[in-house]
Amino acid sequence: MVPIFDGREMMVRTLTMLTARDVVKAQLRAQGYTLLHYKASELTAMAKAYYADNQAELVEQTEQQIMATPAFRVIWETDGLKYETALADRARLVEDFLERADEVIE
C-alpha cells in the first residue's frame, strides 16, 4: 500500500530533501570534487544520510522557507491543497489585481 501524505507533509519532505541534497553538493564542491563523478543515486544516498543526521534543523529551515516564500505559503495556508489548485488560485488573484489596476489607471 502506498502511504498517503497531506500536501503540507509532502511539501516539507520534498523541500527538506532538496535542501539536504544541495548541502551535500556544496560540501563536495568545497572539498574540490566534481559532481559529474557521482551518480545521482550516490548523491541521493549522501543526502539521505545528511538528512538523517540533521533532520530537526532541516525541517525547521524548510518551514521558515515555506513561510517566507509566497507561493509556498499559499499552499501551506490552504491546508495542503494540490499544487495545481494553489497555482490556479494564485493566477486568479493576479488577474483580479491586474483588472483592478487597469480600472484605477483609466
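Residues in region 92-101 carry Karplus couplings, in order, of 4, 4, 5, 4, 4, 4, 5, 4, 5, 5 Hz; the curve used is 6.51 cos²θ - 1.76 cosθ + 1.60 with θ = phi - 60°, and Gly or Pro positions show x. On the basis of the beta-carbon distance and an R0 of 35 Å, T14 and D96 show a calculated FRET efficiency of 0.75. The residues neighbouring Y50, those whose beta-carbon lies less than 12 Å from its own, together hold a net charge of 0 under the Lys/Arg +1, Asp/Glu -1 convention.
Just to confirm a number: summing +1 for Lys and Arg and -1 for Asp and Glu over residues other than V24 whose beta-carbon lies under 12 angstrom from that of V24, what do you get?
Values: positive: R21, K25, R29, K48; negative: D22, E42, D53.
Here the charged neighbours net out to +1.
No lab work stands behind these numbers, since they all come straight from the coordinates. Everything quoted here is computed from the prediction, not taken from an experiment. Here Cβ is always computed from backbone atoms with ideal geometry, including for glycine, and neighbour counts include all displayed protein chains.
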